[in-house]
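**Student:** What follows is a structure written as structure tokens; I'll ask about it next.
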Amino acid sequence: MEGYAAVVLAGGAGRRLGGVDKSRLPVGGRPMREHVLDAVADARPRILVGPGPAPAGVLAAREEPPGSGPVPATAAGLALLGPEVAEVALLAVDLPLLTAAAVTALRVRLAVGDCDGVCYRDDRGRRQQLCGVWRVAALRAAFDRLRHERGPELAGASMRALLAGRTIAEIDPTGDGPPPWFDCDTAEDVRRAQGWSA
């Protein structure tokens with residue numbers, strides 16, 4: 001496999017966590033965003049989309065308008081990728097159990113060549129679109145279609161609408177470790193992640 005980039009979306013309002021910046025909430029003694037960025041330590045570039053500043057070695061971007069959702073945030077991250085980048089990990093910032101091995105498993109499946117992107121499937125059978133790896137050309141085509149359908153304003157658009165018509169593969173985690181797709185939306189989620197990280 002050749003190189004890849006990573007875009008980490010960190011602009012959520014954290015409403016179910018009392019409005020805190022959950023990217024900085026500690027799990028296992030470290031902020032969640034550090035866990036996610038470490039899982040893609042070999043990506044070039046790594047881009048953090050959300051309130052700054054970004055850690056050293058990570059590019060910063062901001063969706064417009066701020067807090068307008070994952071679709072504008074994804075667009076802001078893609079805007080920083082050069083034409084040579086063919087593959088990008090697209091990740092929510094609240095995935096503290098994500099590992100480099102889990103990202104590699106997504107990339108290995110994408111390398112088969114029969115899909116536009118690969119995501120993890122959770123224990124309820126739901127596709128976790130912000131825990132996946134995508135072909136950059138497919139994402140750019142998806143944005144072209146979405147803008148053609150609704151105009152240049154992307155605020156409020158759903159990831160489902162963006163990815164409609166894309167060929168997406170789903171995989172399940174392997175091994176006995178904690179689920180890499182587990183996202184921390186509530187205080188109880190953070191406590192569960194803490195337990196896995198202990």
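The values are calculated or read from the model by the stated rules, or taken from the named source; none is laboratory data. The shown structure was predicted, so the numbers you read here are calculated from the model rather than taken from an experiment. Quick reminder, even Gly has a Cβ in these numbers, built from the backbone with ideal geometry, and neighbours come from all protein chains shown. Heads up: the accessible areas ignore ligands, DNA and RNA and are worked out on the full protein's heavy atoms, side chains in. Shrake-Rupley method; radii C 1.70, N 1.55, O 1.52, S 1.80 Å.
**Student:** 222 nm [θ] for the chain, helices only, -39500 (n - 2.57) per DSSP H run of 4+, per residue, to 500?
**Tutor:** Dividing the helical sum by the residues of the chain leaves -8500 deg cm²/dmol.
**Student:** Still on this model: Over the C-alpha atoms of the chain, what are the Rg and the largest Cα-to-Cα span, Dmax, in Å?
**Tutor:** Rg then Dmax for the chain, in Å: 15.7, 48.
**Student:** Let a ≥ b ≥ c be the square roots of the eigenvalues of the Cα gyration tensor of segment 95-198; is it rounded (a/c under 1.5), or, if not, prolate (a/b larger than b/c) or oblate?
**Tutor:** Oblate, because a/c is 1.5 or more while a/b does not exceed b/c.
**Student:** Let me ask another. Once you sort the root eigenvalues of the Cα gyration tensor of segment 1-80 as a ≥ b ≥ c, which label holds: rounded (a/c under 1.5), prolate (a/b larger than b/c) or oblate (the other case)?
**Tutor:** oblate
**Student:** What FRET efficiency do you get for HIS148 and SER197 if R0 is 45 Å and r is their Cβ-Cβ distance, rounded to the nearest 0.05?
**Tutor:** 0.55
**Student:** Now for a different question. Per residue of segment 93-100, what does 6.51 cos²θ - 1.76 cosθ + 1.60 with θ = phi - 60° give for ³J(HN,Hα)? Whole Hz please, x for Gly and Pro, Karplus curve as stated.
**Tutor:** Karplus-based 3J(HN,Hα) across segment 93-100 equals 6, 9, 10, x, 9, 5, 10, 4 Hz.
**Student:** To the nearest 0.05, what FRET efficiency results for GLU84 and ASP123 with a Förster distance of 45 Å applied to their C-beta separation?
**Tutor:** Calculated transfer efficiency: 0.75.
**Student:** In whole percent, and with a 1.4 Å probe on the protein chains, what portion of the accessible area of segment 1-83 is carbon and sulfur?
**Tutor:** Accessible surface attributable to carbon and sulfur in segment 1-83 totals 55 percent.
**Student:** How much accessible area per residue does the chain have, counting only protein heavy atoms and a probe of 1.4 Å, in square angstrom?
**Tutor:** Per-residue accessible area for the chain comes out at 47 Å².
**Student:** Something else about it: Under a point spin-label approximation (7 Å from Cα along Cα-to-Cβ), what is the ALA41-ALA164 distance to one decimal in nm?
**Tutor:** 4.1
**Student:** Take the alpha-carbon centre of segment 24-63, take the same for segment 92-149, and report the distance between them in whole Å.
**Tutor:** Cα centroid to Cα centroid, the span is 18 Å.
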